[in-house]
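What follows is a set of notes on a single structure, which appears directly below.
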Amino acid sequence: MYLKSPLQSSVQEFEDWYRRWDPSWFLIARLALPDIDAEIRQHRLENDDAAPLKIMGGLREAHRARMDTNRRPLGFLPDNVAFYLPKQVDLSSATVCARSDSHTLAILDYVEYRPGTSEADISNDVQNLARVMSNLDPLTCNLLRCEGVKRNNDESGRLRGFSLVFQMPPPRPSKVSLSNEHVNSRSEDDRSTMVSDQPETLST
Amino acid sequence: MNIHSLRGSLLRQTPGVSISFRLAIAKSMARAVIFLHSASFVHKNIRPETVLTTESGSSYLVGFQKFRATASHTYMLGDALWHENIYRHPTRQGVAPEDMYTMLHDVYSLGVCLLEVGLWSSFVQHVIGPNGEPLILPGLLEIAAVPKMRDERKRAFGLKRVLTELATSKLPSCMGDKYTSLVISCLSCLDKTSKFVNGDATTEIVDDGIDLGARYIQGVLSEIEDISM
């Protein structure tokens, strides 16, 4: 009898919590069962790639990419891979440039190394991030696909930071038109970066 | 293909930017954050300068200068740049932030960006000074009007209050009630009354982030994906 009130209160709290957060969503995203992936694929085909299923598929992909340490890590790019014709995307830290080895366009993004922090930790984190981002679908996840990491050293060989090398955004069938905004702004295109209509390859 | 930063797009303030476009940008930003969190990383630098947009209506999260794995050590480092601090939760502003960084701090930053996207107005202006030097100035009048206080913490919370008031007063007419509610949820995600934080916020700070990430997935994503124009 003395316990009844606290117990009722606990049950009520649990019910409130469960109503706010449905843990099944979270569990499905993380369960390592191929049947779930097959079911999601089937439903996406039947339901015109409905957003929740697309996202669930992406979440499973992201979680798998993070957990699967057997996947080949993205090693550092060799020193002889250079990036030329850099053009900074205005008001952003990202730079569009061309790879010397493949002559394709890429987006470079910088990860800073703060002296006094652990070089091993950041190196490990950067490689893990690159590995995960190399395995995600940019159209689903809105994260660019990573092609590798370049280590940036100063003249004395000390670590200054890293460059993450991303593929250009993939072309996407346009459901939402941005044309108004961008057509209107092309004449004053000082804040944009124009790249080829064939973004994957640099014409030489 | 045109690639812009979201800041560049906001600063052009083209009147033709549709609500559907704003919503598409908002959804893709939320997705990027969710997938990053799902892979156990925090971004720590979400603002319009770290989002790239394309003319096909997609946006991509970049700007990984400060990211870290959720399991990695946090160094409690910050800086005093006002134009970056406005995207940081009050407890993460300044050179010596008082809280360890969690996924919910990313959610707060996302909320500030979603407010900007919804209003389609830049909180930060980049102008050229009288001697040709680049200047960074507050954009919206309300942001500039945050009173200068000696106590940085009070000022930081004052800014959060201004952002929340801005969302409450101006966002419904631009983006509707659902979007407004979502933005306010993000801005209040670390409040004790938040639906993302169950009970004592301090216990959540030491969480490994998985529970927080899951609530975020449930809360923000399902709400934003529900919105259609």
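5 Å is the cut-off here: which amide hydrogens, built 1.01 Å from N in the peptide plane, fall below it relative to A:GLY148, excluding neighbours closer than 5 in sequence?
A:VAL165
Between A:ARG151 and A:LEU45, how many nm apart are label points set 7 Å from Cα along the C-beta direction?
In this crude spin-label approximation the distance works out to 4.6 nm.
Using θ = phi - 60° and the Karplus form 6.51 cos²θ - 1.76 cosθ + 1.60, what ³J(HN,Hα) does each residue of the stretch A:84-94 get, whole Hz, x for Gly and Pro?
With coefficients 6.51, -1.76 and 1.60, one gets 10, 6, x, 9, 6, 6, 4, 6, 8, 8, 7 Hz.
Taking every residue in B:27-36, how many Cβ atoms of other protein chains lie within 10 Å of its Cβ, on average?
For peptide B:27-36, the averaged partner shielding equals 6.
Ranked from highest to lowest mean number of other Cβ atoms within 10 Å per residue, what is the order of the peptides A:125-132, B:103-110, B:131-138?
Result, highest mean first: B:103-110, A:125-132, B:131-138.
Counting Lys and Arg as +1 and Asp and Glu as -1, each charge on the Cβ, what is the dipole of the stretch A:83-170 about the Cα centre in debye, to the nearest 20?
In debye, rounded to 20, the stretch A:83-170 gives about 120.
Give the long-range amide H neighbours of B:VAL51: residues separated by 5 or more places, or on another chain, with amide H under 5 Å away, using H modelled in the peptide plane at 1.01 Å from N.
B:LEU6, B:ARG7, B:VAL62
Be a star and scan the stretch A:89-132 for residues whose amide nitrogen sits under 11 Å from the point 7 Å along the Cα-to-Cβ vector of A:LEU159.
A:112-127
Show me, for the stretch B:100-110, the HN-Hα J-couplings you get by feeding each phi into the Karplus relation (A = 6.51, B = -1.76, C = 1.60, θ = phi - 60°), rounded to Hz, glycine and proline as x.
Karplus values, whole Hz, x for Gly and Pro: 5, 7, 10, 4, 5, 5, 5, 4, 4, 4, 4.
Quick note: the coordinates plus some simple rules give every number you see, no bench work behind them. Quick caveat, the model's predicted, so the values are computed rather than measured. Heads up, the Cβs are rebuilt from the backbone with ideal geometry, glycines too, and the neighbour counts pull from every protein chain shown.
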